[in-house]
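Quick notes on the structure that follows.
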Amino acid sequence: MLEGLDPEQREVATALQGPVCVLAGAGTGKTRAITHRIAYGVRAGILQPSSVLAVTFTNRAAGEMRGRLRQLGAAGVQARTFHSAALRQLQYFWPKAVGGSMPRLVDRKIQLVADAAAACRIRLDRGELRDVTGEIEWSKVTQTVPSEYAPAAAKAGRESPRDPAEIAQLYSAYEDLKRARAVIDFEDVLLLTVAVLQDRHDIAEQVRSQYQHFVVDEYQDVSPLQQRLLELWLGDRENLCVVGDASQTIYSFTGATPDHLLDFRTRHPGATVVKLVRDYRSTPQVVHLANGLLAQARGRAADHRLELVSQRAAGPEPVYSEYPDEPAEAEGAARRIRELMDSGVRASEIAILVRTNSQSETYEQALADAGVPYQLRGAERFFDRPEVRKAGVALRGAARFGGNDSLLDDVVDLPSQVRAVLSGEGWTTEPPAGSGAVRERWESLAALVNLAQDFSASRPGATLSDLVAELDERASAQHAPTVEGVTLASLHSAKGLEWDVVFLVGVAEGMMPITYAKTDEQIEEERRLLYVGVTRARERLHVSWALSRSPGGRPNRRPSRFLDGLRPGSVGAAARSAASGSGGVERGFTTSRADTAPRRRQRTPARCRVCGRTLTDAGEMKLMRCEDCPSDMDEGLYERLREWRALQA
Ligand code: ATP
Ligand code: MG
């Protein structure tokens, strides 16, 4: 278990008593160290699997951690997001703590805010509605009540979308309305869990006796509310290991703060503090750019930066490309990806990372045109597709009533059982002719059969019930079976992940930093976002920008200021680009629209990329987002909304 860890990582893995804090840069093996720590503790008999709670920030990360733990022989450990851990506890203890059953999670939060605004006779346009919702959420995760909103927002330097007194009024009305309708929101799940644990010592003790050992990944993005929950889980114990990188704080606009990470030693004076600087993920060329970005960073997080040292062999220099417009940029990326795939690079090892979801439509189009399979991270989740849900119900029914030995005793192995159940749903083993919706549905079910095959190969003797349990787990982790495809994801949702080849697109002023980032703090967060993007690449990094938004538009954009001094051709970078022999910035070219083959778009019915609802309104379809879901500006919200939907599912 300890092989494959360097001495510092080994220290993290073996210091199983008392508080441990790991401060380390991207790709230094933080997640690996904590996963091995848990597995080591379990395998050595020091930790009871069921007494360990590992907390991460996205369902995807939690799912990956469960997968890794299983591979390391430590199944049964709870790896969850703060929200899913809290939701489980809240559901379990609600009857005892409050009585009755837990209120429903609110489905259309924006609508509720709109109703609150109507009740207050305050007119808000859609943008304001979204911003006010953001302010309410921020207030809740920072445990700010309505009457404290104005001073707290001023102190935090928040740019209120309306008069702070009005926001406080809206916040208060929103809370009233929620109570009147007997629903709770995403933040309430944490707030109520905190309240229950605070007020009910018997319940707190019950939770504490269940969990003895805590591990938190990506601790730089913990909110004050999540921190409070963690403290309540811990009680007066200190068996806590946190890992994080202050330079990757990218959710502070939602109330997250790296202070808890940076102040850990003050709060836990006896803490073991470990620093990791060896970067195992990226080539020296990628690491050089990452270090360059950090060298220009300012602020508290930057004061704690650690220079990364790549452990990998040299690779290609990052490629910088400039394009006249965004479609040309997308086509350029798609063309490159096609070439990479033709030369043998697997599509699943390539990612395009965008700043806002509104960019991804252009990239979807370009990839489809180039015949490159792709998957959108977060959108249209596999387990959310109607055909997959339906198949899940059928499988569950078969598992309950048939199992291995009665209803299905004429079929032998698990994949055959799955095929048998699915054929009851009209599934055929051969793909249907043509493409479009029918084909897409078939592909989903074929992926389900593949999943069953992989599962039964890794778990000989597994039953249909085991498979159903596995599907549930994966569904909650938003973990689709590996469909070979290029990943198209937002920078926010790429946190913690890695690919051989990464395309960072739209690295222009106005996009990165994004126009609405105004204060120094906000600009620094944008820089960190770029740092997160750069450090996702193992080998090849493509950085590009477009001089104008659309073809024929005024070339009014310039490359991101964050690249100044780092990209070839910018002041201070010439020497390096000459020395490294890289060709400087490549000029992309525009492909005339008329030249390209007719657009081959066979995506079926347009769905909201946030909540998956089918879209009919033309305006919504253009945005690929329904009116109720927040706009592309709120990446953090997106991530949380998806989690929330997954929790509801
Ligand atoms: P991030 O800050 O992006 O979350 P991280 O610090 O959590 O990164 P990991 O994802 O754990 O880093 O590791 C990065 C990569 O380096 C992974 O592919 C991991 O398997 C590999 N790695 C980590 N430690 C070692 C090691 N000691 N030897 C070989 N490979 C390692
Ligand atoms: Mg990590």
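Bear in mind these aren't lab numbers, they're just calculated from the coordinates by the rules spelled out. Source: prediction; values computed, not measured. Cβ sites come from the backbone with ideal geometry, for glycine too, and all protein chains shown count toward neighbours.
Look at where the Cα atoms of the range 295-335 and of the range 140-167 average out, and the two centres are 35 Å apart.
Put simply, the amide H of I184, placed in the peptide plane, has neighbours under 5 Å in R104, L105, V106, leaving out anything fewer than 5 places away on its chain. Is the shape of the range 251-315 best called rounded, prolate or oblate, per the rule: a/c under 1.5 gives rounded, else a/b larger than b/c gives prolate, else oblate, with a ≥ b ≥ c the square roots of the Cα gyration tensor eigenvalues? Oblate, because a/c is 1.5 or more while a/b does not exceed b/c.
Across the range 34-46, computed HN-Hα scalar couplings (Karplus, 6.51 cos²θ - 1.76 cosθ + 1.60, θ = phi - 60°) run 6, 5, 5, 4, 5, 4, 4, x, 5, 5, 7, x, 7 Hz from first to last residue, x flagging Gly and Pro. Please work out the C-alpha center-to-center distance from the range 196-211 to the range 4-35 and express it in whole Å. First find each Cα centre; the distance between them is then 29 Å. Residues whose amide H falls under 5 Å from that of Y323, counting only those 5 or more places apart or on a different chain, are W545, A546, L547, G588, with hydrogens built in the peptide plane.
Quick check: net charge around G18, other residues with Cβ under 14 Å of its Cβ, Lys/Arg +1 and Asp/Glu -1? The answer is +1. Compute the separation of the alpha-carbon centres of the range 501-568 and the range 214-253 and state it in Å as a whole number. Centre-to-centre (Cα) distance: 29 Å. Each of D472 and A394 was given a label point 7 Å from its Cα along the Cα-to-Cβ line. The distance between the two points is 2.1 nm. Across the range 324-331, rounded Karplus estimates of 3J(HN,Hα) from the backbone phi angles (6.51 cos²θ - 1.76 cosθ + 1.60, θ = phi - 60°) give x, 8, 5, x, 5, 5, 5, 5 Hz, Gly and Pro being marked x. If a/c stays under 1.5 just call it rounded; otherwise compare a/b with b/c (prolate if a/b is bigger, oblate if not). Do that for the range 94-158, with a ≥ b ≥ c from the square roots of the Cα gyration tensor eigenvalues. Oblate is the answer for the range 94-158, as a/c is 1.5 or above yet b/c matches or exceeds a/b. If R0 equals 45 Å, the separation of the Cβ atoms of A15 and T519 corresponds to a calculated FRET efficiency of about 0.70.
Restricting the range 152-229 to GluC sites (Glu not before Pro) that sit in a DSSP loop and have at most 15 other Cβ atoms within 10 Å of their own Cβ leaves E159.
Around V215, what is the net charge, scoring Lys/Arg as +1 and Asp/Glu as -1 over all other residues with Cβ under 12 Å from its Cβ?
+1
In a DSSP loop and with at most 12 other Cβ atoms within 10 Å, the GluC sites (Glu not before Pro) in the range 249-351 are E307.
Note on D454 and T272: with the Förster distance fixed at 56 Å, the Cβ-Cβ geometry gives a FRET efficiency of about 0.90. When F503, F214, F562 are sorted by how many other C-beta atoms sit within 10 angstrom of their C-beta, beginning with the fewest, the order is F214, F562, F503.
Using only the Cα atoms of the range 11-120, build the gyration tensor, take square roots of its eigenvalues as a ≥ b ≥ c, and label the shape rounded, prolate or oblate: rounded if a/c is under 1.5, else prolate if a/b is larger than b/c, else oblate. Could you put the intermediate results ahead of the total?
Numbers: a/c = 2.91, a/b = 1.89, b/c = 1.54.
Cα axes put the range 11-120 in the prolate bin.
Assuming R0 = 22 Å, can you tell me the calculated FRET efficiency for the pair E159 and A302, based on Cβ-Cβ distance, to the nearest 0.05? It comes to 0.50. Evaluating 6.51 cos²θ - 1.76 cosθ + 1.60 at θ = phi - 60° for every residue in the range 416-425, the Karplus couplings come out as 5, 4, 5, 4, 4, 5, 5, 5, x, 9 Hz, glycine and proline recorded as x. Modelled spin-label separation between Y280 and T614, with each label point placed 7 Å from Cα along the Cα-to-Cβ direction: 4.7 nm. Backbone amide hydrogens, once placed in the peptide plane, bring F503 within less than 5 Å of A351, I352, L353, H542, excluding anything fewer than 5 places away on its chain.
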